[in-house]
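*Asks:* Below you will find the structure I want to go over with you.
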Amino acid sequence: MVQQRRNRQNLRADFDHHIVPFPTRYAHYVPAEVPAQSAGGLATGPQVRVRRRAIRQVTVLEVAGRLSDVVEELDRAIQVALAQGPRGVVCDLSAVLKGAEPVAVEVLATAGRHVRDWPGIPVAVACPDPGVREALRTHPLGGHLIVTDSLFSASTAVLETPYLMVQCLRLAPHPTAPRASREFVTRTLLDWQLSRVIPFASLVVGELVASSSVHAGTDIDLSVTWDREALRLTVGDHGPALPGQRPSDPDLRGRGLTVVAGLSRAFGVLPTDDGGKVVWAVFEASRLRITACSPPARLASAVPDGR
């Protein structure tokens, strides 16, 4: 089985991209509902575009046209961007036409749920309209966003956020992948002094990797991220959906769904550019204070038996 650590920053490049709509499902910890748009706010015509490029590891989503025409596409673009694990995401509304409808601004504000549910990757909105900025800042979910008046200030604010603790591993779709993923997560959390969450995180990651190995049959990208007492596990694959299956389904059934839903604070799935997906789970994870009399943690006792 091929296993190798990798740096996600090496996989990023500057490019333009037209985002294709992609459904997303959340389970267990359900985000706030996105308000429905009026009939006049549906996306129509080729002029509705969200273009993507990279600036110093920050994904920039450039929006043009009427906000009401593009806001739902923008939300999907944010999800696709987050799945790539960037330093941050900036939504550039500099080219958006003035006079944004309140319902469109409210839909944009709900993008704050991605920051709430996906800790550690900031999402910023650069908007020259002071009314839109004020509406975003006062919205309960919009308060999770960084809101500024320009692309420069938004990018600067994103880059000034603390760097995350991240470890990544690539696994082959092999029967031993779940065990390898549990051992990798256990070693990482021991190094980070997060031993309290090892039993839960190792069990969940084993279920996610086993599901991905069976249903996708592609290489599996595993990452472990810690940020301000929140631990995030992500398991990505590159396989298309099975016949009759939605591309965004996390392929979890029965025991796997029960384990992930019961042990994590939140979990969900994000689409990727290549038609695959990233399934994620978040845990509360405070560091254990080490004292002189505390016995050393043991790796073998923290890895559950099984696959």
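The numbers here are math on the coordinates, done by the rules we state, and not lab data. The structure displayed is predicted, hence computed values, not measured ones. Glycine also receives a Cβ, built like all others from the backbone with ideal geometry; neighbour counts cover every protein chain displayed.
*Asks:* Treating each Cα of region 58-205 as an identical point scatterer and ignoring solvent, apply the Debye formula and state log10 I(q)/I(0) at q = 0.09, 0.16, 0.20 Å⁻¹.
*Replies:* Each listed q maps to, in turn, -0.37, -0.84, -1.11.
*Asks:* Spin-label point model (7 Å from Cα, Cβ direction): what's the ALA95 to GLU160 distance in nm?
*Replies:* Between ALA95 and GLU160, the simple spin-label model gives 2.8 nm.
*Asks:* Then there's this: What ranking do TRP118, TRP192 get, fewest neighbouring Cβ atoms within 10 angstrom at the top? Provide the component values of the computation, followed by the final result.
*Replies:* Working: TRP118 23, TRP192 17.
Exposure proxy ranking, most exposed first: TRP192, TRP118.
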